[in-house]
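For reference, the structure discussed in these notes is given below.
The values are calculated or read from the model by the stated rules, or taken from the named source; none is laboratory data. The shown structure was predicted, so the numbers you read here are calculated from the model rather than taken from an experiment. Positions of Cβ are backbone-derived with ideal geometry, glycine not excepted, and every protein chain shown enters the neighbour counts. These area figures cover heavy atoms from the full protein model, side chains too; ligands, DNA and RNA do not enter into them. Shrake-Rupley method; radii C 1.70, N 1.55, O 1.52, S 1.80 Å.
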Amino acid sequence: MIDRVVAKADLIRSIDSLADKRTVAAPVANGPQFSFRTITAAEEIAEGYLPTALPPNKYLLPPRETLLRFAWHEELTVDPVIEATDTIAFGVRPCDLHALELLDRIFVDDKHDGHYRARRERMLLVGVECLEPCDDHCFCESMGTLRAESGFDVLLTDLEDTYYVRVGSPEGKEFILGIDGVREAAYEDRTLLRKAHERRDAAFTPRLDVTFEQLPGLLAESSDSLLWDVLGEKCLSCGACTNVCPTCYCFDVRDDVNLDMKSGERFRTWDSCQLEEFAMVGTGESFRQPREMRVKHRFNRKGRYIFERYGLHGCVGCGRCARSCIVDIDPIEVFNQLKGQPVER
Amino acid sequence: MTEPIRSPERPRVALFELASCAGCQLQILNCEDELVDLLQLVEFVYFKEAMTETSDHYDLALIEGSVTRESDEEKLRHIREKAALVVTLGSCAYPVGVPGLKNAHDPDEVGSLVYGEDAGFFPTIEAKPVDAVIPVDLHILGCPIHKDDFMRVLTALLIGKHPPVPTHAVCVECRLKENVCAFDRGLVCLGPITRAGCGALCPSYGSRCFGCRGLCDDPNVASMEVLLEEKGKTAEEIMAEYGLYNGYYARRDGGLKAKVAR
């Protein structure tokens, strides 16, 4: 598809008018951190934002979601609940685009989850390329997720007064052509893009001592590492790391019955492998009761199991887990220590 | 599912009050939209804040408040014999809550501070949670309890399913609200070891967790204490931190770490 260029002022005007008609979600500042929120005007969008507290997944797989309502009067009735609205997710970073590709694989291609799918079909992803590293916790360059070649409807690159626009879908094309003043990219624009990418490539350096392709092997060899015990002693099992993780998607399903005792709802909530109850079975045994086993499981999910199963990233190097960990457990340190080059604390 | 969801015969419910502010009883009375439905399901036979009638025949005993007198202990043993199910309401009943603050002081001093010269007429003992005296089937937690929590637990008990009490820490709910972590706001917070279910209410309003719901199922108290020390808290300050709600168990031998030892 043809690349385009749009002046920033034109894009801002367009977002202002779209926000009147559709849900436009974008990163908004919240104290020292950022969150995807529904905005009413483009000026609310934060500049230079770190990865948001929760990833944009929350619009596709909400932390709590009613799946169906049931009632038993004359007979049992069960009504599925699927709530979806047209949503533009603006300002999605490449790391999150990679994560959403994984979720699409699981919830659309693999599991045919009607709830996720209905929302995904009505979501337009406007990605924004990263041109400089977020902070010391990000390691997307090492995970191969700094660059996004797919998974977006449009992908914007900041060229000071304009955005260079790559189009990834017919919906993305419609979106970008709907903006007044948009034009086809010319040779000069492509030169500016190339220079921006050269500056970016110089700014990002690998943070891991292994490549992401080597992580599954490293984790398989590290099953008996003492590091898991060290981390297990430290970990608070507070579930922050999995809640904020863009590739975590585990959920629990429960029923609530109303006071009439004849009706109720089935809902799902995000779950976490870091919680003791996660691997507990009906008779009360937990398959991963020791904390260190839970920590080890998470790192294996992130660096090994998902990659082995789907060929996609189980970790996109966004650094959210490290930023949110109260006791400073950081995957960069963990992977590098497993590789045998301890990181100074 | 072959059987319809059916209400059993209305179980008889009695609500008893020990040392507390009666705020948890008021939370039940605050369920204005649900009270009519609730009374279709259960029959209250004793509820001091709401009715004058009394009865000594009940299936479910709800108990609010801490044990602070020897007579409370006798009362509890009597209730345990009578009731098929004993459920506590609020932080005073478990893990001990505000009445437990007095345990940090000399009992005579506390007595005369409150009752002056008449202190001798009001002998009190160390404040204890209900489960330190009798076996308890379930705790409805919080200071005060949340009315939705009360309704959910009650409907679950009536259906005969396992009541939906979270086993994990407050942090889980706090992160879902995208709150800025209290530790990143220069505060200390008991969220990492405190049982969820409140929706991280206090941190969501700019405060932090004081531990009113007691310990979660699987708290890493040892790591928590290292963290609090790193934040500059002395052993005394850490005890004061626990003391507001968790004073009873924190002051036992081995402290909160012993409380969770398996």
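Mind checking whether some residue in the stretch B:38-51 is within 12 Å of another protein chain (Cβ to nearest Cβ), modelled with pLDDT of 90 or more and in contact with a Cys (Cβ under 9 Å, 6 or more places away or on another chain)? Taking every residue of the stretch B:38-51 in turn, at least one turns out to be within 12 Å of another protein chain (Cβ to nearest Cβ), modelled with pLDDT of 90 or more and in contact with a Cys (Cβ under 9 Å, 6 or more places away or on another chain).
Do the conditions hold for residue B:180, that is, is it more than 26 Å from residue A:280 (Cβ to Cβ) and free of Cβ contacts under 8 Å to residues at least 60 places away in the same chain? The answer is yes for residue B:180. When residue B:122 is tested against (1) free of Cβ contacts under 8 Å to residues at least 12 places away in the same chain; (2) touching a Gly at 6+ places or on another chain (Cβ under 8 Å); (3) not assigned by TED's automatic domain parsing to the domain that holds residue B:87, only condition (3) is not met. State whether one or more residues within the stretch A:218-240 are in contact with a Pro (Cβ under 9 Å, 6 or more places away or on another chain), within 14 Å of another protein chain (Cβ to nearest Cβ), open to solvent by less than 20 Å² (accessible area, probe 1.4 Å) and hydroxyl-bearing (Ser, Thr, Tyr). Yes: one or more hits.
Within the stretch A:94-131, if we keep just the residues that are at pLDDT 95 or above and part of a loop (DSSP other than H, G, I, E, B), the residue that is farthest from residue A:249 (Cα to Cα) turns out to be A:131.
Scanning the stretch B:128-156 for residues that are farther than 19 Å from residue B:94 by Cα and surrounded by fewer than 20 Cβ atoms within 10 Å (Cβ to Cβ) turns up just one, B:156. Given the criteria basic (Lys, Arg) and away from chain A (no Cβ under 14 Å), does residue B:128 qualify? The answer is yes for residue B:128. Within the stretch B:1-24, one or more residues are more than 25 Å from residue B:141 (Cβ to Cβ), of a type in the set (Asp, Glu) and more than 18 Å from the chain's Cα centre (by Cα). Number of residues in the stretch A:139-186 that are open to solvent by 20 Å² or more (accessible area, probe 1.4 Å), among the small types (Gly, Ala, Ser) and on the phi < 0 side of the Ramachandran plot: the value is 4.
Applying the selection to the stretch B:182-195, what residues are surrounded by fewer than 24 Cβ atoms within 10 Å (Cβ to Cβ) and farther than 16 Å from residue B:260 by Cβ? Reasoning before the result, please.
In the first step, residues of the stretch B:182-195 are kept if they are surrounded by fewer than 24 Cβ atoms within 10 Å (Cβ to Cβ); the result is B:182-188, B:195.
Once the filter is applied, which keeps residues that are surrounded by fewer than 24 Cβ atoms within 10 Å (Cβ to Cβ) and farther than 16 Å from residue B:260 by Cβ, the stretch B:182-195 yields B:182, B:183, B:184, B:185, B:186, B:187, B:188.
Got at least one residue in the stretch A:247-262 being part of a helix (DSSP H, G or I) and either away from chain B (no Cβ under 12 Å) or touching a Pro at 6+ places or on another chain (Cβ under 8 Å) (or both)? No: zero hits. Look at (1) more than 21 Å from the chain's Cα centre (by Cα); (2) modelled with pLDDT of 95 or more; (3) within 14 Å of chain B (Cβ to nearest Cβ) and you find that residue A:321 fails only one, number (1). The sole residue among B:233, B:259 that is in contact (Cβ under 8 Å) with a residue 40 or more places away in the chain, farther than 25 Å from residue B:128 by Cβ and either open to solvent by 40 Å² or more (accessible area, probe 1.4 Å) or in contact with a strand residue (DSSP E or B) (Cβ under 8 Å, 6 or more places away or on another chain) (or both) is B:233. Here is a check on your reading of the model: is residue A:281 within 14 Å of chain B (Cβ to nearest Cβ), open to solvent by 20 Å² or more (accessible area, probe 1.4 Å) and farther than 20 Å from residue A:134 by Cβ? So residue A:281 passes the test.
Based on this model, can you work out whether residue A:40 counts as open to solvent by 10 Å² or more (accessible area, probe 1.4 Å), out of contact with any Ser or Thr (no Cβ under 9 Å at 6 or more places or on another chain) and in contact (Cβ under 8 Å) with a residue 12 or more places away in the chain?
Details: open to solvent by 10 Å² or more (accessible area, probe 1.4 Å): yes; out of contact with any Ser or Thr (no Cβ under 9 Å at 6 or more places or on another chain): yes; in contact (Cβ under 8 Å) with a residue 12 or more places away in the chain: yes.
So residue A:40 passes the test.
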